[in-house]
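S.K.: Pasting a structure here, questions to come.
The values are calculated or read from the model by the stated rules, or taken from the named source; none is laboratory data. Quick caveat, the model's predicted, so the values are computed rather than measured. Methodologically, a virtual Cβ is constructed for each residue, glycine included, from the backbone with ideal geometry; neighbour enumeration extends over all protein chains shown.
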Amino acid sequence: MAVTGVFMSAVADTHSQEHHHGPAKGISRWLLTTNHKDIGSMYLIFSFAMFLLGGSMAMVIRAELFQPGLQIVQPEFFNQMTTMHGLIMVFGAVMPAFVGLANWMLPLMIGAPDMALPRMNNWSFWLLPCAFLILVSTLFMEGGAPNFGWTFYAPLSTTYGPPSTTFFIFAIHIMGVSSIMGAINIIATIMNLRAPGMTLMKMPLFVWTWLITAFLLIAVMPVLAGAVTMMLMDINFGTSFFDASGGGDPVLFQHVFWFFGHPEVYIMILPAFGAISHIVSAFSRKPLFGYASMVYAVGAIALLSFIVWAHHMFTVGVPLAGQLFFMYATMLIAVPTGVKVFNWVTTMFRGSLTFEAPMLFAVAFIILFSIGGFSGLMLAIAPADFQYHDTYFVVAHFHYVLVPGAIFGIFASAYFWLPKWTGHMYDETLAKTHFWLSFIGMNLAFFPMHFLGLAGMPRRIPDYALQFADFNMVSSIGAFMFGATQLLFLFIVVKCARGGEKAPAKPWDGAEGLEWTLPSPAPYHTFTTPPDIK
Amino acid sequence: MADHQNYYVPEQSKWPIVATVGLGVTLYGAAAIMVNGNQGQSTTGSWVVFWIGALIMAYMLFGWFGSVIRESRAGLYSDQMDRSFRWGMSWFIFSEVMFFAAFFGALFYVRVFVVPWLGGEGDRGSSNMLWEGFQASWPLVNNPDPQAYPGPREVIGPWGLPLINTLLLVTSSITVTIAHHALKAGNRAGVKLWLTATVALAIVFVFVQGYEYSHAYQDLDLTLRSGIYGSTFFMLTGFHGAHVVLGTVMLVTMLIRIHKGHFTKDQHFGFEAASWYWHFVDVVWLGLFVFVYVL
């Protein structure tokens with residue numbers, strides 16, 4: 001369209017220069033940047049830092065649980081560790097990692113010059129370090145950090161929470177602002193900045209899954225904000241939302257929280273679904289078996305995620321009709337999820353498979369995520385859930401969907417796109433070592449938790465009965481192994497960023513997509529003129 | 001399409017990092033005020049932190065929106081950019097809808113399930129054993145534990161001030177639409193008139209609401225502390241009121257911009273965004289009027 005030309009000439013000179021120079025020098029490049037690649041890198045680096053921080057808290061937990069009895073930490077501190085581990089991993093590690101991938105890859109995949117709202121993009125990122133500074137600072141406050149679990153159920157978090165809970169609430173608010181703005185930016189980018197000719201049903205699946213994830217984020221992060229606001233008011237201003245003596249109900253908290261919380265778990269996995277679809281297809285050297293069915297399956301999972309929240313609270317006294325409804329609705333999710341797993345498997349079927357590091361992580365993702373999905377089905381059965389509820393079986397379940405699900409998805413994506421980001425090939429031998437050590441460590445850590453849970457070991461306790469000792473020791477050894485292995489990942493990425501074999505524009509011969517038409521590393525500004533899509 | 005080539009990617013900007021520091025300091029100060037206040041300690045320092053943060057936020061808002069307005073008037077934004085703003089604003093409003101949905105959801109859950117259960121009804125009527133003899137009613141004026149939560153003597157009926165407020169807001173929604181039509185027709189005097197009328201109605205609304213609050217606190221003992229009725233009443237109307245104030249600030253900004261000669265017949269998304277927001281605030285009020293006051 002003709003831009004109002006009179007005004008244009010006054011600024012046209014500076015405008016055109018802006019587009020052609022590279023990154024600014026020094027710290028201001030990172031503080032002031034509007035570049036989607038810089039912001040994507042910052043998200044990814046931040047998320048890995050949080051992964052190590054949350055991981056070190058997990059190491060404290062596993063060290064304490066290595067043997068029965070109280071060895072290393074006091075129960076109060078143990079509770080702070082489980083709480084902070086969960087919060088940091090969910091909000092600090094997994095979510096920002098996917099936003100980082102989105103920032104890097106979405107504009108490259110749809111042929112856009114940048115994200116739609118680049119300054120807001122920068123703000124979305126910088127709010128995260130700010131929020132986590134406040135959250136982590138609660139560890140050093142009087143009364144200690146939040147100690148009520150990452151789900152912060154009332155009244156544990158209201159009547160009985162430490163004074164630092166108020167700081168925790170504001171940290172959650174800032175994370176929410178960041179997520180909502182990030183999601184708005186992603187939707188605006190996808191809906192408005194696609195290259196001409198890229199219709200919705202031609203979009204790469206990672207773009208599709210992020211579009212739907214962004215919708216989920218905008219729908220549920222404000223509900224989380226509502227939940228913590230009610231907490232804030234109950235704690236500081238005498239309201240009685242979660243206090244039955246004033247006509248409220250602690251269960252109300254759980255409803256509001258899980259209305260956020262269940263879509264949230266899909267927020268943490270759907271982008272991985274998208275990335276895995278690309279990777280499986282690339283290393284099978286075959287197009288995805290059923291693109292459209294994948295899109296519809298993701299949409300169905302997202303919609304179903306809004307009507308299953310009470311399966312987290314079967315034992316709280318949900319009326320029978322409610323239990324039945326939420327049980328069947330939950331089981332329905334297995335259908336679109338099955339469509340996805342079927343698709344990945346049939347994509348690999350009769351493909352020319354090779355098993356570079358991204359593919360190893362992707363295949364492990366499919367198998368292990370399915371295990372997590374199946375234990376989810378077991379938990380969905382309301383009468384059986386009365387046995388499993390609040391045991392280590394639940395811990396095993398969600399770690400199977402989050403570690404080999406979300407986190408393996410992130411590792412697979414990182415190895416897949418590292419050549420595009422850095423211009424170098426990563427060290428394949430080290431990467432495969434990283435995979436195998438992670439794979440073995442992770443299964444050692446989490447598989448025994450199924451048995452512990454079925455045998456009745458409750459979650460969130462620093463000490464346990466003697467019969468649980470052996471499995472806990474195995475689990476701790478696996479956790480230490482998995483944790484230590486992640487330092488190897490740091491080494492591999494740093495090594496790859498600093499040098500190594502030059503990466504061609506398209507390092508994976510089976511890979512498809514606009515991002516592989518760009519040189520490696522991708523130039524600082526890409527697609528300032530959109531490509532034509534046939 | 002040529003407009004794809006003009007997509008404006010701004011150069012480095014200090015505003016996001018200023019906004020981060022501003023928001024972080026403000027909220028840290030707010031939390032410190034509450035925590036220190038609860039422990040009976042001095043809150044002076046916390047207030048200072050809070051106001052420093054608020055000032056940084058104000059500086060940022062003027063600066064950031066100022067640069068967007070300058071860029072827009074310099075013609076840097078293509079139609080495609082305009083569409084990005086539209087997507088952005090619509091989804092922002094959707095996020096606000098979901099924020100209110102959480103509080104409406106809480107209200108419905110309490111009214112439909114919790115209070116009857118506490119009164120001994122249904123599957124979970126056993127919770128009645130905690131406070132035997134508690135009578136479920138809505139509006140809930142006798143709380144289960146009146147010692148902990150003394151109930152209100154009376155609640156606010158819908159057909160007095162709330163009805164007036166409803167009329168004020170609905171009228172303001174109409175006047176802002178008339179102003180929009182005037183803008184599209186190039187009738188700038190009309191825009192000024194009808195937008196001024198909208199702002200006036202908004203301000204009267206806020207004053208009426210403030211009067212209603214003082215009446216509730218002073219005459220009816222209806223406070224945040226008077227149990228779940230006061231909790232839901234003040235949270236819903238309070239957050240709505242805060243959004244009215246924000247919407248009014250937006251409308252006033254648009255009025256100032258109109259007076260400065262900003263906006264054309266075809267290019268005035270800032271104005272439209274403010275009016276979208278205003279309609280949203282109006283719709284929330286209608287929900288409030290029905291579910292908080294009438295039913």
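S.K.: Which ones in segment A:215-268 are facing chain B (nearest Cβ under 8 Å) and hydroxyl-bearing (Ser, Thr, Tyr)?
M.R.: Hits for segment A:215-268 are A:THR229, A:THR239, A:SER240, A:SER245.
S.K.: I need a count of the residues in segment A:354-375 that are over 23 Å from A:TYR415 (Cα atoms) and without any contact (Cβ under 8 Å) to a residue 40 or more places away in the chain.
M.R.: Summing the residues that are over 23 Å from A:TYR415 (Cα atoms) and without any contact (Cβ under 8 Å) to a residue 40 or more places away in the chain in segment A:354-375 gives 4.
S.K.: Looking only at residues that are part of a helix (DSSP H, G or I) and of a type in the set (Ser, Thr, Tyr) in segment B:12-28, which one is nearest to the other protein chains (Cβ to nearest Cβ)?
M.R.: Filtering first and then ranking leaves B:THR20.
Residue-wise test of (1) crowded, with 17+ Cβ neighbours inside 10 Å; (2) facing chain A (nearest Cβ under 8 Å); (3) closer than 30 Å to A:HIS36 by Cα.
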| residue | (1), (2), (3) |
| --- | --- |
| B:PRO10 | yes, yes, yes |
| B:ASN36 | yes, no, no |
| B:GLN39 | no, yes, no |
| B:ILE56 | yes, no, yes |
| B:MET60 | yes, no, yes |
| B:ARG70 | no, no, yes |
| B:GLN80 | yes, yes, yes |
| B:PHE103 | yes, yes, no |
| B:LEU107 | yes, no, no |
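S.K.: All but one of (1) more than 14 Å from every other protein chain (Cβ to nearest Cβ); (2) without any contact (Cβ under 8 Å) to a residue 40 or more places away in the chain hold for B:VAL206; state the number of the condition that does not hold.
M.R.: B:VAL206 satisfies every listed condition except (2).
S.K.: Tell me, please, whether a residue that is polar (S, T, N, Q) and closer than 19 Å to B:PHE113 by Cβ can be found in segment B:144-162.
M.R.: Within segment B:144-162, the subset polar (S, T, N, Q) is B:147.
Next, only the ones that are closer than 19 Å to B:PHE113 by Cβ stay: none.
The answer is no, given that none of the residues of segment B:144-162 is polar (S, T, N, Q) and closer than 19 Å to B:PHE113 by Cβ.
S.K.: Report, by residue number, each residue of segment A:62-84 that is closer than 25 Å to A:VAL401 by Cβ and without any contact (Cβ under 8 Å) to a residue 60 or more places away in the chain.
M.R.: Once the filter is applied, which keeps residues that are closer than 25 Å to A:VAL401 by Cβ and without any contact (Cβ under 8 Å) to a residue 60 or more places away in the chain, segment A:62-84 yields only A:MET81.
S.K.: Can I ask one more? For the list (1) closer than 27 Å to A:ASN35 by Cβ; (2) assigned to a loop (DSSP other than H, G, I, E, B); (3) not β-branched (Val, Ile, Thr), I need the number of the one condition that A:LEU490 fails.
M.R.: (2)
S.K.: Continuing with this model, one more query. Just to check your reading of the model, which residue among A:VAL223, A:VAL251 is assigned to a helix (DSSP H, G or I), closer than 26 Å to A:ILE381 by Cβ and in contact (Cβ under 8 Å) with a residue 12 or more places away in the chain? Lay out the reasoning, then the answer.
M.R.: Numbers: A:VAL223 fails: closer than 26 Å to A:ILE381 by Cβ.
Step by step, each of A:VAL223, A:VAL251 is checked, and only A:VAL251 is assigned to a helix (DSSP H, G or I), closer than 26 Å to A:ILE381 by Cβ and in contact (Cβ under 8 Å) with a residue 12 or more places away in the chain.
S.K.: Within segment A:402-421, can one find any residue that is more than 20 Å from A:GLY274 (Cβ to Cβ), in a helix (DSSP H, G or I) and either in contact with a helix residue (DSSP H, G or I) (Cβ under 6 Å, 6 or more places away or on another chain) or at pLDDT below 95 (or both)?
M.R.: No, segment A:402-421 contains no residue that is more than 20 Å from A:GLY274 (Cβ to Cβ), in a helix (DSSP H, G or I) and either in contact with a helix residue (DSSP H, G or I) (Cβ under 6 Å, 6 or more places away or on another chain) or at pLDDT below 95 (or both).
S.K.: Answer yes if at least one residue in segment A:397-407 is buried (at least 18 other Cβ atoms within 10 Å of the Cβ), among the hydroxyl-bearing types (Ser, Thr, Tyr) and assigned by TED's automatic domain parsing to the domain that holds A:ALA511, and no otherwise.
M.R.: So far as segment A:397-407 goes, yes, one or more of its residues are buried (at least 18 other Cβ atoms within 10 Å of the Cβ), among the hydroxyl-bearing types (Ser, Thr, Tyr) and assigned by TED's automatic domain parsing to the domain that holds A:ALA511.
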